[in-house]
Structure formats: C-alpha cells, structure tokens
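Taking it in order: structure first as structure tokens, then the write-up.
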Amino acid sequence: MPTIILLDTSTLMDVRVIRRKLDTYSPLQFTISAIHTFLDEISVTSKLEVVAIVTCCTEPEVLCPFTREYDAIKKKLRQIEPGNEFNLYDGLDGIESLFLGEWPSNEPVTIVAVYDATSIEQLSRHKTGVELALTGKLLLLGLQDGYESDYREVTPNIKANNNLDVILLQPNLPITELSLQHVFSSIVESYYQQFVAQLICGDLVSKVTVWPVPEQHVSITDFDYKVYKPEQQVEIMGFLDLSTLGCPAAVSRHLISPWVPPPPPPMFRGLKEQRLVIDEDPEGNVPSFVVLLHGALKVENMCAICFIAEEWFGALYACADSKKKSNLVLALFYPGRNSVPWLGDLNALTIPSTPPASDCFPVKSADKKSYSQNNVAWIRQPGLQSDIQKILRHARKLPEKTQQFYKELNRVRKAAICLGFTSLIEGLANLLERECTLLPGSAHPACAFQLTHAAGILREPYSRDPKYTIMPMKMSF
C-alpha cells in the first residue's frame with residue numbers, strides 16, 4: 001500500500017508563539033522531525049512500503065516521488081522552504097491526480113495530510129470542499145495553537161466514496177516535537193505493522209512475513225452476507241502443476257518472505273548484544289523452510305494450494321520479476337470452495353491411493369477454452385487490418401498454405417462473432433470473392449475453388465455459430 005504525505009508549507013506553519021508561554025516554535029520543523037521518526041519505524045515494520053512527499057503552497061508540488069529510499073526522503077525534507085498560502089483541497093486534488101497517474105484506481109493508498117487547522121476555517125467560507133475517488137485511508141492531522149482547553153475540532157469538507165476512510169488525528173496540546181512524534185508512532189502501530197503467519201506443510205512449520213497485509217473480504221449475495229478474515233496460518237494442502245492451476249481470479253497477491261525478528265531498541269542494546277545480533281545474521285545462516293519451498297516450486301514449475309481460512313484458499317508459487325530475481329508469492333482466491341472452477345471443490349482434492357496413468361490427468365476436453373487461446377484485440381484499426389492482410393497472404397499461396405489459411409480465417413471469424421461484429425464476416429466473404437477474380441493465370445486451380453468455398457460458407461447462417469469450424473474443401477488434385 002503506497003503512502004503519500006501532504007505537508008502545509010505556508011508561513012502559518014513556519015514560526016508561532018504559544019500564547020500562555022512566550023516560547024517560539026516551528027510546527028513545520030516539528031512535523032519534519034516526526035516524519036523522520038515515522039520513516040525510521042516503517043523501515044523496520046514495513047520496509048517494502050513506498051512513500052512520496054507532496055508539499056502544497058500555491059499549488060501541489062512533488063518534493064519526492066514514490067521510493068523506498070528513506071534516506072533520500074530525509075534529505076529532501078531538509079530542502080523545504082516556507083511558502084505563502086496553503087489550500088488543503090487543492091493539495092488533495094493534486095494528490096489524486098498524482099496517484100492515479102502511477103497506480104491503478106483500485107490500489108489502496110494511505111494519505112497523511114499535515115496542515116494548519118486555522119486555515120481550514122477561512123478556506124471553508126470560500127470553497128465547498130473536495131471530492132475524492134480513491135481507495136484506502138485519509139489521515140488528517142490539523143495543528144493549532146493553545147492547550148487542551150483551547151482545542152476546537154475543525155473538520156475539512158471532504159466528500160469520499162465508501163472505499164476511502166477519513167480519520168481525524170489530534171496531537172496532545174501544546175504542540176511539541178514529542179507530541180507529533182507520538183502521533184506518527186501511533187500511525188505506524190495502527191496501519192504499518194507486520195503480518196506474521198505460520199507456514200505449515202505437514203510437520204514443517206516456519207514463520208513468514210506476508211506483505212502487504214491481507215485484508216478481510218466481504219462476500220455479498222442476494223440472501224447472504226459473509227465476512228472472511230485471513231488467519232495467521234497458511235497451511236499447504238497439496239501441490240499442482242502450474243499448467244493445471246491455470247490463471248484463476250485472485251482477490252490480492254502478497255509477497256512471502258522469512259520472518260526476521262525486529263532488532264531491540266537502541267536503549268536496551270549494549271555493545272555485546274549488537275555484536276551478537278550482527279553475528280547471528282538470521283536472514284542468511286538460519287535454515288528456512290520458505291527458501292526450500294521457493295526453490296522447489298521454481299525448479300519443478302509447480303504451485304502449492306493453501307488453506308487460508310474457512311472456505312478460503314490460495315496458491316503459493318514462484319514469481320520471477322526478471323531473469324535473475326524470483327520471489328515466493330501468495331495469491332488469495334475469491335472465497336468459496338469452487339473458486340477455481342476447472343478444479344472443482346478444493347476440499348475434495350485428494351491424493352489417489354493408486355498412481356494414476358500418465359495421460360489421465362489433467363482431463364483433456366475436446367473444446368478449447370477461451371482462456372487457453374491467444375486473445376484477439378482490435379483496439380485500433382491497424383490490428384484488424386493486419387489480421388485481414390494475413391488471411392489474404394495465405395490465400396495467394398494456396399494450396400500450400402491451406403491449413404494456415406483456414407486457421408486464420410476461423411480465428412478472425414470467431415472473434416468477430418464474440419464481439420458482435422457480424423458485418424466483418426460479410427466483408428471478409430466479399431474480399432475472398434474479389435481475390436478470386438484477381439488471381440493470375442499461373443495460379444493453381446485449387447486456389448479459386450478454396451476461396452469460393454470459404455466465401456460461400458461465410459454467408460451461411462450456421463457459420464455464425466462460434467463452435468463451428470470451417471474445413472477445407474476436399475479436392476482430388
């Protein structure tokens with residue numbers, strides 16, 4: 001889940017004076033220090049989290065794009081300079097455009113907005129608010145002067161959809177560096193904790209880290225409403241070839257890595273303990289079942305069917321980002337026993353008592369499924385034009401290219417039927433007849449017969465059936 005931090009850099013956030021104590025302080029500097037604490041903590045609990053910093057004064061500006069280099073973010077924070085005027089609504093609107101330009105619209109995002117609360121009162125008099133169409137959480141941290149007795153809750157006018165939770169945060173007053181650090185630490189405790197689960201395979205048990213944290217899934221039907229919550233156990237039920245599993249629909253996909261215990265706080269770690277932690281090196285020296293499983297699935301090109309919760313299943317498999325790097329990935333299917341239709345009830349999958357014949361599984365069907373074929377995509381005109389030209393090229397080389405000609409002709413015809421593009425079939429028949437009249441005198445006699453035969457069948461009503469296949473005309477020469 002990516003994170004975006006929106007900062008108010010106006011002069012209101014630069015320097016203030018506490019009314020009852022003549023002390024000057026800078027909320028902007030306090031906020032930057034708290035963000036440093038936030039980055040240090042998520043580098044331990046969620047080190048794969050990508051973070052972006054956006055400042056907003058006259059207009060939104062990306063101070064640091066999405067990155068996992070937290071030290072680079074800290075360097076950019078030192079370059080912030082106070083501006084003139086802050087507009088929270090324009091800042092959130094700019095964040096929405098920034099996020100949708102790099103991430104899909106259904107990707108959850110966490111937005112932390114730190115702003116001057118008094119500016120919202122002035123802004124709400126002139127603007128109606130902002131509408132956001134994002135998924136995730138919006139954390140609003142409004143800073144203001146005074147003590148607890150002076151606190152006035154100022155709620156920005158934000159219209160969000162059902163997938164975006166708007167949460168108001170309030171630091172302890174008066175605002176100090178410690179109070180803001182406490183707020184950001186509470187954010188880490190609430191939304192950036194590791195999801196540690198036990199990976200079980202028979203008698204082998206290993207602790208793993210699942211990232212991102214799997215969310216609960218709500219299944220709504222006509223007469224039922226059920227909430228599925230992932231358990232902290234991933235139990236392997238059995239193994240299948242990846243070709244047998246295919247590519248079923250998944251709710252989410254998660255990276256599985258060996259669990260590494262977090263280091264103790266610096267105040268409790270002496271020099272001797274530091275040497276001990278460094279010498280142990282839990283990531284490299286301690287044997288891990290996760291590494292063994294990942295290597296086996298990668299070499300054998302197989303997957304492991306897992307039990308996630310009651311009537312909720314998933315699959316573990318090796319996923320390669322590049323030729324050299326590979327990761328163990330957990331795909332969570334949609335809840336239900338029949339979430340993979342071609343496998344049937346996942347609870348009924350068992351190991352047979354007698355070894356099956358070599359050619360009995362998987363069961364081969366005479367009909368080719370749509371997901372096992374190359375899809376035809378005619379998004380633009382050149383795609384359709386190239387398919388038609390390919391048919392005509394094979395037509396000019398008949399009878400040598402008879403099989404290729406009818407294969408391409410049936411592929412284009414079935415795609416046209418599925419898309420409701422029936423006029424293409426009539427136009428294709430006219431093209432074949434025209435090509436027949438333009439054949440040179442040196443052309444093989446079978447060429448004209450095959451073209452006339454194909455054009456005639458394309459005009460028949462039964463050729464509109466997608467299961468029908470046009471066969472070559474049988475000839476004696």
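The values are calculated or read from the model by the stated rules, or taken from the named source; none is laboratory data. Everything quoted here is computed from the prediction, not taken from an experiment. Backbone-built Cβ (ideal geometry, glycine too); neighbour counts: all protein chains shown. These area figures cover heavy atoms from the full protein model, side chains too; ligands, DNA and RNA do not enter into them. Shrake-Rupley method; radii C 1.70, N 1.55, O 1.52, S 1.80 Å.
Each residue of the stretch 423-433 was assigned a 3J(HN,Hα) from its phi angle through the Karplus curve 6.51 cos²θ - 1.76 cosθ + 1.60 (θ = phi - 60°); the sequence is 5, 5, 5, 5, x, 5, 5, 5, 5, 5, 5 Hz, with glycine and proline shown as x. Couplings 3J(HN,Hα) of the stretch 377-389, computed from phi: 10, 10, 6, 10, 4, x, x, 5, 5, 5, 5, 5, 5 Hz, in residue order, whole Hz [Karplus 6.51 cos²θ - 1.76 cosθ + 1.60, θ = phi - 60°; x for Gly and Pro].
With the cut-off at under 19 Å, measuring from each backbone N in the stretch 206-221 to a point 7 Å along the Cα-to-Cβ line of ILE236 picks out 206-211. PHE30 contributes about 40 Å² of solvent-accessible surface, heavy atoms of the protein only, 1.4 Å probe. Under the combined filter of DSSP loop state and at most 16 neighbouring Cβ atoms within 10 Å, the stretch 381-452 retains these chymotrypsin sites (Phe, Trp or Tyr not before Pro): PHE421.
Compared with the direct C-alpha span, the chain from GLU311 to ASP345 gains 11.2 nm at full extension, assuming 0.36 nm per residue.
Evaluating 6.51 cos²θ - 1.76 cosθ + 1.60 at θ = phi - 60° for every residue in the stretch 182-195, the Karplus couplings come out as 5, 5, 5, 5, 5, 5, 5, 5, 8, 10, 10, 7, 5, 9 Hz, glycine and proline recorded as x. Taking ASP165, ASP345 and ordering them by how much accessible surface each has at a 1.4 Å probe, largest first, produces ASP165, ASP345.
Heavy-atom accessible area, probed at 1.4 angstrom with all protein chains present, ranks ASP71, ASP93 as ASP71, ASP93, highest first. Heavy-atom accessible area, probed at 1.4 angstrom with all protein chains present, ranks GLU215, GLU311, GLU433 as GLU215, GLU433, GLU311, highest first. Taking 15 Å as the cut-off, the amide N atoms of the stretch 92-113 that come nearer than this to a point 7 Å along the Cα-to-beta-carbon line of ARG253 belong to 104, 107.
When nucleic acids and ligands are ignored and a 1.4 Å probe is applied, ARG434 ends up with an accessible area of around 140 Å². Within the assembled protein chains, the solvent-accessible surface assigned to TRP211 is about 60 Å², based on a 1.4 Å probe.
Estimated at 0.36 nm per residue, the fully extended path between VAL166 and LEU419 surpasses their Cα-Cα distance by 86.9 nm.
Please find the FRET efficiency linking ALA443 to ILE379, where r is the Cβ-Cβ separation and R0 is fixed at 41 Å, and quote it to the nearest 0.05. Here the calculated transfer efficiency is 0.70. Near the amide H of LEU63, within less than 5 Å, lie the amide hydrogens of ILE53, VAL54, THR55, all on another chain or at least 5 residues away, with H placed in the peptide plane. Near SER386, within a Cβ-to-Cβ distance under 15 Å, what is the net charge of the other residues, with Lys and Arg +1 and Asp and Glu -1? After counting each charged neighbour, the total is +2.
Residues whose amide H comes within less than 5 Å of that of PHE195, counting only those at least five positions distant or on another chain, are VAL210 (H built at 1.01 Å from N in the peptide plane).
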